[in-house]
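One structure is given below, encoded as structure tokens.
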Amino acid sequence: MFMFQTAITGMILTAMATMVGNFADDADWHEETIAWRAAREQKLKAPDGWLSVSGLFYLKTGDQTFGSAADCQIQLTSPSLPNIAGTLTVTERSISFRAADGVALRLNDRDVNAGFLRIDPVLPEADSPDRLTIGTTSLQLIRRSGRLAIRSRDSANPLISAFPGERWYPLDAKYRIVGTFTPYTKPKTLVIQNIQGESHEETLAGFAEFRIGDQDFRLEAIADSPETLFFIFKDHTSGQETYGAGRFLTVPRPVNSTIVLDFNRAYNPPCAFNPFTLCPVPPAENHLAIAITAGALKPVKP
């Protein structure tokens, strides 16, 4: 029965793969993909994009100063900032801040001298909805692998102006692949590591099965949002033509069991451009024994 089912699955994937040519070669697909790539680059360069990230600082209990001085625990890179802009205080129950004398801070959309930064008290991976701003710099509280940290962003970060742009493989319709998606009926998690070797659990939505040429493949899908699925993968181009830590792919959730994996939209993780970002690396389950010569190429250094 198993061999029969495998043969049937292979036949289905082969038949579905032939569907790609019916819609992937048209002009609309080319234009939409090129527009998507351009929009992604603009998002990277935006004032709050990944290129604006200017620091990552893990927090400890007690007081930590932030400002441009070299001895600040949270050292901000913008030279226009005061030496000491304020103090962040971490306790078991709260994360609060207060401005230094004469310093103007903004919390979200209002001027403040002191206040609190919110974050989910339970989740090991969480981002605060609050932004504490001074000048062109903003501070955001995050939690990664259970550890609290401050992520600083600077809308004038030199990485933005120095960014040479992304490089891509030429569009190739054969890598817009129709496959099948199987959701998990019971909750399932997978341990994911980041580039610093820290680990956390991600909830899996299910898995995609697809065929390239005469080979069958499978990728585990992370439950990214109610509308999308998120794949982290490596392939035989990783570390050669593409970024060594793998690439990402985000796709709409399928209405039924049919899923389209357009690897022409496989994109680089933030850590490919910025050393102050924490990216998940592909689990062993998502290492593909084939070269996916589509999507983003390895970034060039400015």
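No value in this document is a laboratory result; all are computed from the given coordinates. Just so you know, these numbers come straight off a predicted model, no measurement behind them. FYI the Cβ positions are ideal-geometry reconstructions off the backbone, even for glycines, and counts take in every protein chain you see.
Between T250 and T61, what is 0.36 nm times their sequence separation minus the Cα-Cα distance? Round to one decimal in nm.
64.4 nm
Let me know the Kirkwood hydrodynamic radius for the chain, please, with Cα pairs as the basis and the value in Å to one decimal.
Answer for the chain: a Kirkwood hydrodynamic radius of 21.4 Å.
Could you order peptides 27-33, 277-283, 115-121 by the average number of other Cβ atoms within 10 Å of their residues, highest first?
277-283, 115-121, 27-33
Determine the alpha carbon to alpha carbon distance for each of K234/K301; K43/K174; K186/K298 and list only those over 31 Å.
As for pairs spanning more than 31 Å Cα to Cα, those are K186/K298.
Can you give me the distance in nm between label points at Q215 and D28, each placed 7 Å from the Cα along the Cα-to-Cβ direction?
Going from the Q215 label point to the D28 one covers 3.3 nm.
Would you compute, from DSSP H runs of 4+ residues alone, the mean residue ellipticity of the chain at 222 nm, taking -39500 (n - 2.57) per run and dividing by the full residue count, rounded to the nearest 500?
Mean residue ellipticity, 222 nm, calculated: -4500 deg cm²/dmol.
At a 4.7 angstrom Cβ threshold, list every cysteine in the chain that has nobody to pair with, or say none.
C72
If the chain between R110 and R147 were fully stretched, how many nm would it gain, using 0.36 nm times the residue separation less the Cα-Cα distance?
Computed gain between R110 and R147 is 10.5 nm.
Tell me, what ³J(HN,Hα) does each residue in segment 79-95 have, in order and in whole Hz, if you take phi through Karplus 6.51 cos²θ - 1.76 cosθ + 1.60 with θ = phi - 60° and put x for Gly and Pro?
Working through the residues one at a time gives x, 7, 7, x, 4, 10, 8, x, 9, 9, 10, 10, 10, 5, 10, 7, 10 Hz.
Which whole-Hz couplings ³J(HN,Hα) result when phi for each residue of segment 189-203 is put into the Karplus expression 6.51 cos²θ - 1.76 cosθ + 1.60, θ = phi - 60°, listed in order with x for Gly and Pro?
Values per residue, Gly and Pro as x: 10, 9, 6, 10, 9, 9, 5, 9, x, 7, 10, 8, 9, 10, 7 Hz.
From the residues Y243, T87, V191, which one has its Cα farthest along the dipole of the chain in the positive direction, the dipole being from +1 and -1 charges on Cβ of Lys/Arg and Asp/Glu about the Cα centre?
Positive-end residue among those listed: T87.
Using a Förster distance of 35 angstrom, determine the FRET efficiency expected from the C-beta separation of S94 and H287, and round it to 0.05.
E(calc), rounded to 0.05, equals 0.25.
Want the number for Q196 to T228: 0.36 nm per residue separation, take away the alpha-carbon distance, what's left?
Answer, rounded to one decimal: 8.9 nm.
Is the shape of segment 72-211 best called rounded, prolate or oblate, per the rule: a/c under 1.5 gives rounded, else a/b larger than b/c gives prolate, else oblate, with a ≥ b ≥ c the square roots of the Cα gyration tensor eigenvalues?
Oblate, because a/c is 1.5 or more while a/b does not exceed b/c.
From the backbone phi of segment 235-249, what are the Karplus-calculated ³J(HN,Hα) couplings (6.51 cos²θ - 1.76 cosθ + 1.60, θ = phi - 60°) in whole Hz, Gly and Pro given as x?
8, 6, 8, 5, x, 10, 8, 10, 4, x, 7, x, 9, 10, 8
Amide H of I95 versus every other amide H placed in the peptide plane: which residues, excluding those fewer than 5 positions away on the same chain, fall under 5 Å?
Correct list: L117.
5 Å is the cut-off here: which amide hydrogens, built 1.01 Å from N in the peptide plane, fall below it relative to A291, excluding neighbours closer than 5 in sequence?
H236
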